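Accompanying notes for the structure given below.
The values are calculated or read from the model by the stated rules, or taken from the named source; none is laboratory data. Everything quoted here is computed from the prediction, not taken from an experiment. Neighbour counts run over all protein chains shown; Cβ positions are idealised from the backbone, glycine included.
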Amino acid sequence: MRTEVYHINSENENRYGMMSSMYSRGSDNSAERRRMCKVLTKAMYGSLTKKQLACMLGYINGKPQKQIAEELNLSESTVSRHIKAAKYKLHKIAYYYHS
């Protein structure tokens with residue numbers, strides 16, 4: 001199985017539901033933004049289960065949950081649970097490094 005690497009950037013960061021609110025406080029925070037993107041990218045590959053990672057990669061690339069479920073041979077509710085759990089983990093990691 002081929003592994004693809006996806007990076008969090010300004011186009012897909014809003015899918016996490018946390019990035020825009022965390023960075024709305026400063027005027028120029030590009031260095032902090034780059035650091036946070038590196039942290040979250042590493043966290044995705046180090047902290048998430050294989051299924052959570054697969055679901056999140058589809059999610060951040062804009063695929064609907066139904067399509068992700070079909071590709072991974074899972075139910076839509078399972079995909080939803082994996083995405084919710086992954087977002088929770090990533091939010092905790094982002095909060096820890098941001099505070």
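Filtering the range 26-64 to residues that are among the aromatic types (Phe, Trp, Tyr) and touching a residue at least 40 places away in the same chain (Cβ under 8 Å) leaves only 59. In the set (1) modelled with pLDDT of 85 or more; (2) exposed (fewer than 14 other Cβ atoms within 10 Å of the Cβ); (3) among the hydroxyl-bearing types (Ser, Thr, Tyr), residue 80 fails one condition alone, (2).
Give the residues of the range 43-58 that are out of contact with any helix residue (DSSP H, G or I) (no Cβ under 9 Å at 6 or more places or on another chain) and at pLDDT below 90, sorted by residue number.
Step one: filter the range 43-58 for residues out of contact with any helix residue (DSSP H, G or I) (no Cβ under 9 Å at 6 or more places or on another chain), giving 46, 50.
Within the range 43-58, just 46 meets the criteria.
Please determine whether any residue of the range 65-83 is in contact (Cβ under 8 Å) with a residue 60 or more places away in the chain and out of contact with any Pro (no Cβ under 6 Å at 6 or more places or on another chain). No, the conditions are met nowhere in the range 65-83.
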